[in-house]
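The values are calculated or read from the model by the stated rules, or taken from the named source; none is laboratory data. Just so it is clear, the model here is predicted, and its values are computed rather than measured. No Cβ is skipped: glycine too gets one built from the backbone with ideal geometry, and neighbour counts run over all protein chains shown.
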Amino acid sequence: MAEAENLVDVMVKDGIAPNIVTFSSLINGYWKSKQVDRALVTFEDMRFSGTHITPNVVTYSTLIDALCKENRFQLAYQLFEDMKDQGVAPNVVTYSSLLDGLLKKAEIDTALSLRREMANNGVAPNIFTYTIIINGLCEAGRLAEASEVFSYLVAKGLQPNVTTYTIMIKVLCKQGRLGDATAVLEEMAGNGCSPNQRTYYLIIKAFLNANDVVNALDYLDRMRSQGFTVDATTASLFLGFLTDPNVIDADKALLQKYVLERQGEDMKKEEVNGD
C-alpha cells in the first residue's frame, strides 16, 4: 500500500487530480490489507476534501463488505442508507455483504426483510447470495426454510456451487435425511461439481452418527478415490466411533478390519513404488 500511496502523492504534486478510479483502488487496497479505518479516511477525503468526488456503487460496496467482515454492522448500515440518499443504487454485491453480516449476527428476520427490499428494487440474487442465505438459515436451525431456498434457486435455473451443495448436504444430514443427502452428492457429480473434503466429511459423520459404519466406510473409500487423504478431523470421527460404548462390537470389528485392510494396501503400494 505504501507504493500506491506514494504514487498518489506524486500525481497530486504533478497537478494530476485523483479520480474515482484512483480513490476506489486505494480503498480496495486498504480493504484487502485489513486497514479498514484507512479506507474510511480515504472515503471521507474523497467526498469532502477539495476533490468532492461522489463515490460509486463499487466504492460503497467495498467499504460495506469490509465493515461487515469486521462485525461493524452499524456503520455498514449507515453507509448503506447514505448511498441510497446519494442516489447510488445498491447492487447484488452490496446486498449480499449486508445479508452475510446480518445472518452471522443471527438477525434472520431482518435479513429476510432486506432480501425482500432487494427483490422490490429489482436486484436479482446470484448463487453467492443464495448460498449466504441458506447457510444463515442452517446455522439458525431453520432447516426447512434453508431447504426451500435451495429448491427455489434450482427451480430458477441457478447452478449451485460446491459451497451451496455442501451446505445443503449439512442441512439434510442435520434433518436425518441421509438418502436425500447422498442424492444431492450424486447430483453434484452429475452437474460437474466435484465434492470437496468437507462434503465427504459431513456424509461420513452423519452415517457414523446413525451407527451405519458400512455406508460411512463406503464414502470414506469414495473420498480417498478422489485423491483426498484422511485428515485428523475425519480420523477422529472413527476413533470416537470405536470408543463409543453404545456401538455394537460387530460394527467396531468391521471398522478395525477395514483399517487393517487399508494399511495392507498402503504397504503394498509403498513396496511397489520402492521397487
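Give segment 112-127 a look and list any residue that's in a helix (DSSP H, G or I), under 16 Å from Ala89 (Cβ atoms) and of a type outside the set (D, E, K, R), or say none.
Leu114, Met118, Ala119, Asn120
Among the residues of segment 169-177, are any within 23 Å of Thr110 (Cβ to Cβ) and in a helix (DSSP H, G or I)?
Scanning segment 169-177, I find at least one residue that is within 23 Å of Thr110 (Cβ to Cβ) and in a helix (DSSP H, G or I), so the answer is yes.
In segment 111-139, what count of residues is obtained for those that are crowded, with 16+ Cβ neighbours inside 10 Å and either touching a His at 6+ places or on another chain (Cβ under 6 Å) or aliphatic (A, V, I, L, M) (or both)?
Matching residues across segment 111-139 total 9.
What's the number of the only condition in (1) in a loop (DSSP other than H, G, I, E, B); (2) out of contact with any Cys (no Cβ under 9 Å at 6 or more places or on another chain); (3) over 18 Å from Tyr219 (Cβ atoms) that Gln159 fails to meet?
Of (1) in a loop (DSSP other than H, G, I, E, B); (2) out of contact with any Cys (no Cβ under 9 Å at 6 or more places or on another chain); (3) over 18 Å from Tyr219 (Cβ atoms), only one is false for Gln159: (2).
What are the pairs, 6+ residues apart or on separate chains, where a residue within segment 177-189 that is touching a residue at least 12 places away in the same chain (Cβ under 8 Å) has its Cβ under 7 Å from a residue that is surrounded by fewer than 17 Cβ atoms within 10 Å (Cβ to Cβ) and assigned to a loop (DSSP other than H, G, I, E, B)?
Hits for this filter: Leu178/Ala210.
A quick yes/no check of all residues on (1) out of contact with any strand residue (DSSP E or B) (no Cβ under 9 Å at 6 or more places or on another chain); (2) closer than 29 Å to Val184 by Cα; (3) of a type in the set (Phe, Trp, Tyr):
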{"residue": "Asp82", "(1), (2), (3)": "yes, no, no"}
{"residue": "Asn91", "(1), (2), (3)": "yes, no, no"}
{"residue": "Tyr95", "(1), (2), (3)": "yes, yes, yes"}
{"residue": "Leu103", "(1), (2), (3)": "yes, yes, no"}
{"residue": "Thr129", "(1), (2), (3)": "yes, yes, no"}
{"residue": "Gly141", "(1), (2), (3)": "yes, yes, no"}
{"residue": "Leu153", "(1), (2), (3)": "yes, yes, no"}
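Looking at (1) among the aromatic types (Phe, Trp, Tyr); (2) at pLDDT 90 or above; (3) loosely packed, with under 15 Cβ neighbours inside 10 Å, which is the one condition that is false for Tyr77?
All conditions pass for Tyr77, except number (3).
How many residues does segment 98-110 contain that are touching a Phe, Trp or Tyr at 6+ places or on another chain (Cβ under 7 Å), exposed (fewer than 15 other Cβ atoms within 10 Å of the Cβ) and outside any loop (DSSP other than H, G, I, E, B)?
Residues that pass the stated criteria total 0.
Starting from segment 80-95, keep only residues that are in a helix (DSSP H, G or I), then list their pairs with residues that are polar (S, T, N, Q) and exposed (fewer than 13 other Cβ atoms within 10 Å of the Cβ) whose Cβ atoms are within a distance under 8 Å, requiring at least 6 positions of separation or different chains.
Close Cβ pairs (under 8 Å, with a partner that is polar (S, T, N, Q) and exposed (fewer than 13 other Cβ atoms within 10 Å of the Cβ)) do not exist here.
Does segment 54-65 contain any residue that is more than 21 Å from Asn126 (Cα to Cα), modelled with pLDDT of 90 or more and out of contact with any Leu (no Cβ under 7 Å at 6 or more places or on another chain)?
Checking segment 54-65: not a single residue is more than 21 Å from Asn126 (Cα to Cα), modelled with pLDDT of 90 or more and out of contact with any Leu (no Cβ under 7 Å at 6 or more places or on another chain).
Which residues, taken from segment 213-243, are free of Cβ contacts under 8 Å to residues at least 12 places away in the same chain and part of a loop (DSSP other than H, G, I, E, B)?
Those that are free of Cβ contacts under 8 Å to residues at least 12 places away in the same chain and part of a loop (DSSP other than H, G, I, E, B): Gly227, Thr229, Val230.
Quickly run through segment 40-55 and pick out the residues that are exposed (fewer than 15 other Cβ atoms within 10 Å of the Cβ) and outside any helix (DSSP H, G or I).
Across segment 40-55, the qualifying residues are Ser49, Gly50, His52, Thr54.
For segment 169-225: of the residues being of a type in the set (Gly, Ala, Ser) and buried (at least 21 other Cβ atoms within 10 Å of the Cβ), which is nearest to Leu158 (Cα to Cα)?
Ala181
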